[in-house]
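The values are calculated or read from the model by the stated rules, or taken from the named source; none is laboratory data. For clarity, every value in this text was computed on a predicted model and none was experimentally measured. Methodologically, a virtual Cβ is constructed for each residue, glycine included, from the backbone with ideal geometry; neighbour enumeration extends over all protein chains shown.
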Amino acid sequence: MNLSDKIDLATVEVLRTFDHVARSRSLPYLLVGATARDMVLHHGHGIRLERATSDIDMAIQITNWAVFENVRDALIGMGYTTTGHALHRLMSPQGLPLDVVPFGGI
């Protein structure tokens, strides 16, 4: 399935930035939640969807909370901001909410 030119540029930039942060730390991750569903169903198969949320959920495999904080701090250093709602919620420079969902050895 080719999603080239089907995903809005703000989402692409969030995914690109997260990919850079995770790969530079050799951390496995995956896109989860409604964004992942929409990419497959809407962009991949043309099924029209209505979204209740606009956040992007990125699950990242970590071994401890220090690694999570390192990832979070790296994103903040790249222009992301805290929202005050939850430790895992950041706002991208493009105005999209990003939820960093830790999993693994924590």
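Restricting region 53-72 to residues that are closer than 15 Å to V14 by Cα and of a type in the set (D, E), which is surrounded by the most Cβ atoms within 10 Å (Cβ to Cβ)? Full working, then the answer.
If we filter region 53-72 for residues that are closer than 15 Å to V14 by Cα, which is where we start, we get 54-60, 71-72.
Then keep just the ones that are of a type in the set (D, E); that gives 55, 57.
Working: D55: 16, D57: 18.
Ranking the candidates gives D57 first.
Would you call I56 at pLDDT below 70 and among the β-branched types (V, I, T)?
Criteria not met by I56.
Restricting to region 74-106, give me the number of residues that are assigned to a helix (DSSP H, G or I) and surrounded by 12 or more Cβ atoms within 10 Å (Cβ to Cβ). Write out each step before concluding.
If we filter region 74-106 for residues that are assigned to a helix (DSSP H, G or I), which is where we start, we get 74-77.
With the extra rule that they be surrounded by 12 or more Cβ atoms within 10 Å (Cβ to Cβ), the set shrinks to 74-76.
Of the residues in that region, 3 qualify.
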